[in-house]
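The block underneath contains the structure these notes are about, expressed in structure tokens.
The values are calculated or read from the model by the stated rules, or taken from the named source; none is laboratory data. What you see is a predicted model; the values in this text were computed from it and never measured. Here the Cβ positions follow ideal geometry from the backbone for every residue, glycine too, while neighbour counts run over all protein chains shown.
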Amino acid sequence: LRSLRGVPNLADFPKEYLAQFDTLNANLEAAQKNELAEQFGFVHLGPEFPQFMQDALLARPAELKDWKAAGKKAGDPISGRRVFFHQMGAGCSRCHMVQGRGAEIGPDLSNIARTSVRGKLAESILEPHAEIAPQFTTYTVLTEDGKTFSGIHLGETADGKLQLGETSGRVNLIPLTEIESQSPQNKSIMPDKLIDQITTQEFQNLLSYLESLR
């Protein structure tokens, strides 16, 4: 299901799967129902889906304090590793590197648990703009031909181009001679609503994976 995120519409969802939901409702525990409902909610949750799944979505945290409380519950670090490196959902590896895998736009997280406890890790995901290290300040760059770029300074090339890293993992090369202005922004390059891209269980698993990186 995670791989299907981003598909515009799954109106033709196989009806034979829908027939299995009554069985799932009878055999799954509450936490499993909630996870299944959230996964389907990211893909396609039309009116033909059973009521128990629509009801289960109400268990998803709504407020910041609810997410912080949910983050205290232990998850599975192995599953969290899959969340970290999967391109759909959180997509952490588009900007971060762990043990040589990923991108070098944001901080290297290979040993993040040595300096950050679980609560701090949760805050960095839930409130990415609350605390930003100077070297990861986001800049808005305007060029002389009117183009606007946003990202983190990654350095300059030998032939005089600014390397500007985006959230997507793309690195723009902008000739220094063509830059009209650069403005630092009081915000992180991390998306504001990253939590909207993952389920509650994925959030807990991701935190447990980050907590294991020492």
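Filtered by the rule that a residue be over 15 Å from G146 (Cα atoms) and without any contact (Cβ under 8 Å) to a residue 60 or more places away in the chain, the range 160-183 gives G160, K161, L162, Q163, L164, R170, N172, L173. Here R82 fulfils each of the conditions (1) loosely packed, with under 15 Cβ neighbours inside 10 Å; (2) of a type in the set (K, R); (3) modelled with pLDDT of 75 or more apart from (1).
Applying the criterion of being of a type in the set (D, E) and at pLDDT below 90 to the residues of the range 176-203, the residue that is surrounded by the fewest Cβ atoms within 10 Å (Cβ to Cβ) is D196. Screening S116 on (1) hydroxyl-bearing (S, T, Y); (2) outside any helix (DSSP H, G or I); (3) outside the structural domain of G91 (by TED's automatic domain parsing) shows it passes everything except condition (3). Here the range 119-158 is the region considered, the condition is being among the aliphatic types (A, V, I, L, M) and exposed (fewer than 12 other Cβ atoms within 10 Å of the Cβ), and the residue that is farthest from the chain's Cα centre (by Cα) is A158. Comparison of K187, K161 shows that the only residue that is of a type in the set (K, R), under 20 Å from F136 (Cα atoms) and over 20 Å from the mean Cα position of the chain (by Cα) is K161.
Let's see how each residue does on (1) closer than 30 Å to E38 by Cβ; (2) at pLDDT 95 or above:
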{"residue": "G89", "(1), (2)": "yes, no"}
{"residue": "S110", "(1), (2)": "yes, yes"}
{"residue": "R114", "(1), (2)": "no, yes"}
{"residue": "R118", "(1), (2)": "yes, yes"}
{"residue": "E131", "(1), (2)": "yes, no"}
{"residue": "T157", "(1), (2)": "no, yes"}
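Here the range 99-118 is the region considered, the condition is being under 15 Å from the mean Cα position of the chain (by Cα) and touching a residue at least 24 places away in the same chain (Cβ under 8 Å), and the residue that is surrounded by the fewest Cβ atoms within 10 Å (Cβ to Cβ) is P107.
Taking the stated definitions as given, is G89 on the phi > 0 side of the Ramachandran plot, part of a loop (DSSP other than H, G, I, E, B) and within 19 Å of the chain's Cα centre (by Cα)? Criteria met by G89.
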